[in-house]
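Worksheet for the structure shown next.
Bear in mind that the values in this text are calculations on the coordinates, not laboratory data. Quantities reported herein were computed from a predicted structural model and do not represent experimental measurements. Please note: Cβ atoms are built from the backbone with ideal geometry, for glycine as well, and neighbour counts cover all protein chains shown.
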Amino acid sequence: MSKKPITRRAALKAAGTVGVAGLAGCSGTSSSGDNSSSDSTDSLTAAFLYESEVGEVGWDRAHEDARQAVDDEFDWLDTRFSEAVDSSDVKRVMEEYITGGADVIFGTTFGFMDPIAELSPEYPDTVFEHCSGFKTTDNMGRYYGRLYQARYLCGVAAGLLTESNQLGYVGAFPIPELVRQINAFVLGARSVNPDVTAGVRWTNAWLDPPTVTQAVNTLINDGADVINNHQTSTAAVQTAAENDAYAFTYTTSMADAGGEFYGSSAIFNWEEFYKPTLQSVYDDEWESDAYWKGLESGVIDIDDFGPQVSDDIVSEVETQKQEIINGERSVWEGSQFEGESDEFLFSQMGSYVEGIEGEVPSS
């Protein structure tokens, strides 16, 4: 564990001063209970930075749903957020929040890691948390969920749904996070159907619906009848469904886009991280760490299954889910990654498991 910082709240309490002032110039605010004026040392202000505008589904939607959940949960909490924050503008936005009295700042995307790591030492009494990266400082923690476990379970369903035994996957960037999830999806499928193979197409973008649509069509033309993806839009799900291919996705439910051909989604429940983290800051017990929990914590899960996923398939998925939670099953068992450390799994995985065509391109 890194050294516990002297937080702004603790300093205010010790000095017997009043609490934080209201922020100005942010994209959105929300407050609970009687803390909207932030006139008590027992209040806490947290700011959330999103890379994209918050839509109805996807990565930022999952974080925004969680922000709203924690805001409703704690009457001592005041939350603020900024959306469509470019990586080049992160420091400026964070400093505005800090000047305005923010006690905690959550940077919710990988691209915010370096700006937060660079800025955090300049503000040692502010708590910073960064999602999906690998750097920490004394007052900057990092957090992510073991989404690969949920991807594996989606793979179990996919392996039982496919008739062609060919899966397709649209990835964003060939980084360990995504390679890990692709591998887990295919391992899940091959756990129930050893004949499954998979093709992967990379878009080199988190949000590029036209390129995603083209990639899905190519995969389906190559024989895939189940599609998964790592994109923050419904393009892959909708295109797959329009071609009568089962559609799996991630971060939030995209059932409406998939319709009759919706499979499921590997979803984040970020409030399961934000609630205890904010409580620890409020209690002056927060310490910088590397949070990476899985199904057992509830921070990740799978969405409800689509209408064509049979009860027998759901039962198999639930059985394997409980085995993972109970420690009776490892996603990586039987693969070249069995027994690898968390450090390797998180930041070094760079090759495909058996059954995936081709090789991981150089990032």
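Values as computed for the structure displayed
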item: Highest-fluctuation residue, ASP304, ASP89, ASP75 considered, GNM on the chain with Cα pairs under 10 Å; result: ASP89
item: GNM result for the chain, Cα springs below 10 Å: residue of GLU271, GLU318, GLU177 fluctuating most strongly; result: GLU318
item: Zero-based 5 Å bins, Cα pair distances in segment 34-118, whole percents; result: 3, 14, 26, 23, 19, 11, 4, 0
item: Rg/Rg_globular for the chain, with Rg_globular taken as 2.2 N^0.38 Å and Rg from C-alpha atoms; result: 1.02
item: Theoretical FRET efficiency, 1/(1+(r/R0)^6), r = Cβ-Cβ of GLN214 and SER310, R0 25 Å, to 0.05; result: 0.20
item: D_trans [Stokes-Einstein, Kirkwood Rh over alpha-carbon pairs] for segment 261-363, 25 °C, 0.890 mPa s, µm² s⁻¹; result: 145
item: Low-density loop positions, trypsin sites (Lys or Arg not before Pro), segment 152-247 - DSSP coil, at most 16 other Cβ in 10 Å; result: none
item: Cα principal axis extents for segment 181-287, largest first, Å; result: 56, 32, 28
item: P(r) weight above 20 Å for segment 107-221, C-alpha pairs, percent; result: 54
item: Reachable aspartates and glutamates from LYS321, criterion Cα separation under 19 angstrom, eight or more residues apart if same chain; result: GLU272, GLU296, ASP301, ASP303, ASP304, ASP311, ASP312, GLU333, GLU338
item: Cα shape, segment 242-303, gyration tensor, a/c 1.5 rule; result: prolate
item: DSSP-defined beta bridges in segment 246-338 - what % are antiparallel, rounded to 5; result: 40
item: Antiparallel bridge percentage (DSSP; both residues within the chain; nearest 5); result: 15
item: Simple label model, 7 Å out from Cα along Cβ direction - SER164 to LYS135, nm; result: 4.3
item: Relative contact order %, segment 232-338, counting alpha carbon pairs below 8 Å whose residues are six or more apart; result: 22
